[in-house]
1. Please give, to one decimal in nm, the separation of the simple spin-label points placed at L158 and L25, each 7 Å out from Cα toward the Cβ.
2. Restricting things to alpha carbons, tell me how big the range 192-262 is in terms of Rg and Dmax, in Å.
3. Given the C-alpha centroids of the range 50-68 and the range 205-262, what is the distance between them in whole angstrom?
4. Quick one: grab Rg to one decimal and Dmax as a whole number for the chain, Cα atoms only, in Å.
5. Which value in deg cm²/dmol, rounded to the nearest 500, describes the helix-derived mean residue ellipticity at 222 nm for the chain, given -39,500 (n - 2.57) per DSSP H run of n ≥ 4 and division by the residue count?
6. Please give the length that would be gained between D195 and V65 if that part of the chain were fully extended, namely 0.36 nm times their separation in residues minus their C-alpha to C-alpha distance (nm, one decimal).
7. Can you give me the relative contact order of the chain as a percent, contacts being Cα pairs under 8 Å and 6 or more apart?
8. Of the beta bridges DSSP finds with both residues in the chain, what % are antiparallel, to the nearest 5?
Amino acid sequence: MIDAHLHLRDARIEPYHARFVQEALAAGVSACIDCSARPEEWNVTVACALDVTTAFGLHPWYASVAYPDWPDFLRLALQADPGALIGEIGLDGLRRTADGGLAQRAALETQLALAARLGRPVVLHGARAWGALLHAVEPWAARLPALLFHGVSFAPDLLAHPVLRRRNVWFGVGGALLSPEARTLPRLAAALPLDRLVVETDAPDAFPSGGEPLVLGQYHALLNHPGNLPRIVRAVARLRDIPEPELAAIAEANTLAFLATR
Ligand SMILES: [Zn+2]
């Protein structure tokens, strides 16, 4: 299995790194897309037994606090790693910023332009800002090799949007599906085109209901690990009425197809 979205370079898991990777391997997760969120993570190299595809990006949460010269560092990181993706980038409606989202919109635009120029696929975050994200991405979508919308949670009606009907678009379904309160996501996960669906933990974030914690983290938040991926595969398989191993194989093939656009 491939975990299509996690954060190996997140400082919170540094002391528990070996355990993070062991949990993945023990659960049958052998590969991952490792997203970064801020410039401090672009220099970090993680050696581990997983087959790692690296993504460099400035997450919308950090857009207003990054040093102004971050685009130069991002370009250099990407040029040093020709196989790297751009992510995690996007727009966020979960956390309000004093500038009304100005910095995150500018950071997204800068990174989409860079992705188009360097021919790199992008990994997109759009929590509670899906409409605005699609609006921002639309002018670039045809110029990018591929777009992976991670942690999707929008209303299934939005699948009719021209950007989301494109052949270079993929969708990441995560642990929010396991929440007993989830209403929209089960409907969306059942409606996504099956050849575009990938699975992800977003570990160490997005600790899933009923999942196994990595450790009891700072401020008593439960840190997630990629060994929880099979729970997500199981939930999607049930929703789609597909045997679990078959769904795992489909999601893996889809992730490889997304990565093959590089
Ligand atoms: Zn993430």
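1. Spacing of the two 7 Å Cα→Cβ label points: 3.8 nm.
2. For the range 192-262, the Cα-based Rg and Dmax read 13.8, 40 Å.
3. Comparing the Cα centres of the range 50-68 and the range 205-262, I get a distance of 21 Å.
4. 17.0, 49
5. Values: 7 runs with 82 residues, N = 262.
Helix contribution divided over all residues of the chain: -9500 deg cm²/dmol.
6. Between D195 and V65, full extension yields an extra 43.0 nm.
7. Reported relative contact order: 20 percent.
8. Here the antiparallel bridges make up roughly 5 percent for the chain.
Quick note: the coordinates plus some simple rules give every number you see, no bench work behind them. Keep in mind that what you see is a predicted model, and the values were worked out from it rather than measured. Glycine gets a Cβ as well: all are built from the backbone with ideal geometry, and neighbour counts include every protein chain shown.
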